[in-house]
Amino acid sequence: MQITGRQINLIYDINKEDCTYAFRNIDICLSSRELVGIMGPSGCGKSSLLYVLSGMRKPTSGTVYYDDVDIESYSINEKARIRKLKFGLIFQKHFLIEYLSVLENVMIAVDLNTEEYKDKAMDILENLKISHLAKRKPEQLSGGQKQRTAIARALMNNPEVIFADEPTASLDHNSALEVIGVLEQLKDRSTIIIATHDATILRNADRRIELWDGCAISKV
Ligand SMILES: Nc1ncnc2c1ncn2[C@@H]1O[C@H](COP(=O)(O)OP(=O)(O)O)[C@@H](O)[C@H]1O
Ligand SMILES: [Mg+2]
């Protein structure tokens, strides 16, 4: 899937006196199987841009297209369905459910508790080198292992596009590199978009887009 943003702007609280420009006049095109980094300091608009590109927020102006279709032509339910079936979302906070095991957390991504899905979840955990932790609860995992579990959950639906918002922000440097290594390997199958304030983790990105105060100041 190709995701294109044309002249997209997002303003929060547009009808209030203290409205905030999250980002302005962004043109962006994400093609299949590339790793794109969105960089910049805290508050520059990275998360907001991911929300708009993943259809979770409507831009104040401008248009987002999925394969040439204006996403505003989809209903809210259709957008949610596309997100569920085609996108994988990974956040700084892993949002694992504490009373479920690693395997059960990964299975949350699918509606059915079948043997087939269980095998698939175990395969993904194996690939991420945490299958031996399948029965553990999140509190018994390291930060890097928790984030790998969140990645496994995001992979259950074979996403075409993975949006990762500060996926390493709560990790130490070694765990961060490990998690980024895992994401880099997924590039053969999916488009990966990583928003981060830490440029060092984007060394192997195909492209880097730098935001400053909501504007794209450089594209490499
Ligand atoms: N829900 C919100 N309501 C109002 N302003 C917001 C909201 N979320 C973010 N902002 C503002 O939008 C700007 C961009 O924020 P954000 O996209 O979170 O940046 P980043 O992810 O780069 O830290 C900031 O000035 C932030 O304060
Ligand atoms: Mg952010």
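The values are calculated or read from the model by the stated rules, or taken from the named source; none is laboratory data. As the structure is a computational prediction, the values presented were derived from the model and not from experiment. All Cβ positions, even for glycine, are placed from backbone atoms using ideal geometry, and neighbour counts span all protein chains on display. Calculation scope for accessible area: heavy atoms of the full protein, side chains included, ligands and nucleic acids excluded. Shrake-Rupley method; radii C 1.70, N 1.55, O 1.52, S 1.80 Å.
Most simply put, the chain has about 50% antiparallel DSSP beta bridges, counting only bridges with both residues inside it.
Work out the charge dipole of region 3-219 with +1 on the Cβ of Lys and Arg and -1 on the Cβ of Asp and Glu about the Cα centre, then indicate which of GLY43, ILE130, MET107 is farthest towards its positive end. Among GLY43, ILE130, MET107, the one farthest towards the positive end of the dipole of region 3-219 is ILE130. Look at the alpha carbon pairs under 8 Å that are at least 6 residues apart: their mean separation over the length of region 3-219 gives a relative contact order of 31 percent. Residues whose amide H lies under 5 Å from that of ALA22, counting only those 5 or more places away or on a different chain, are LEU10, ILE11, TYR12; hydrogens are built 1.01 Å from N in the peptide plane.
Across the alpha-carbon set of region 42-140, the Rg to Rh ratio works out to 1.06, Rh being the Kirkwood radius. Qualifying chymotrypsin sites (Phe, Trp or Tyr not before Pro) in region 32-141, where qualification requires a DSSP coil assignment and no more than 15 other C-beta atoms within 10 Å, comprise TYR74, PHE95, TYR99.
Listed cross-link partners LYS16/LYS146; LYS84/LYS135; LYS146/LYS187; LYS46/LYS135; LYS46/LYS79; LYS93/LYS118 are compared with a 30 Å cut-off, the Cα-Cα value being larger for LYS16/LYS146; LYS46/LYS135. Apply the a/c threshold of 1.5 to the C-alpha gyration tensor of region 67-200 and tell me whether it is rounded, prolate or oblate. Here region 67-200 falls in the oblate category. Using a probe of 1.4 angstrom and keeping all protein chains present, the accessible surface of the chain works out to 51 square angstrom per residue. The loop-placed trypsin sites (Lys or Arg not before Pro) in region 28-115, going by DSSP, that have at most 13 neighbouring Cβ atoms within 10 Å of their Cβ come out as ARG33, LYS93.
Only helices enter this figure: runs of n ≥ 4 DSSP H residues, each worth -39500 (n - 2.57), summed and divided by the residues of the chain, yield -8500 deg cm²/dmol at 222 nm to the nearest 500.
Take the alpha carbon gyration tensor of region 119-196, find the square roots of its eigenvalues, order them as a ≥ b ≥ c, and report rounded if a/c is under 1.5; if not, report prolate when a/b exceeds b/c, else oblate. It comes out oblate by the Cα gyration axes.
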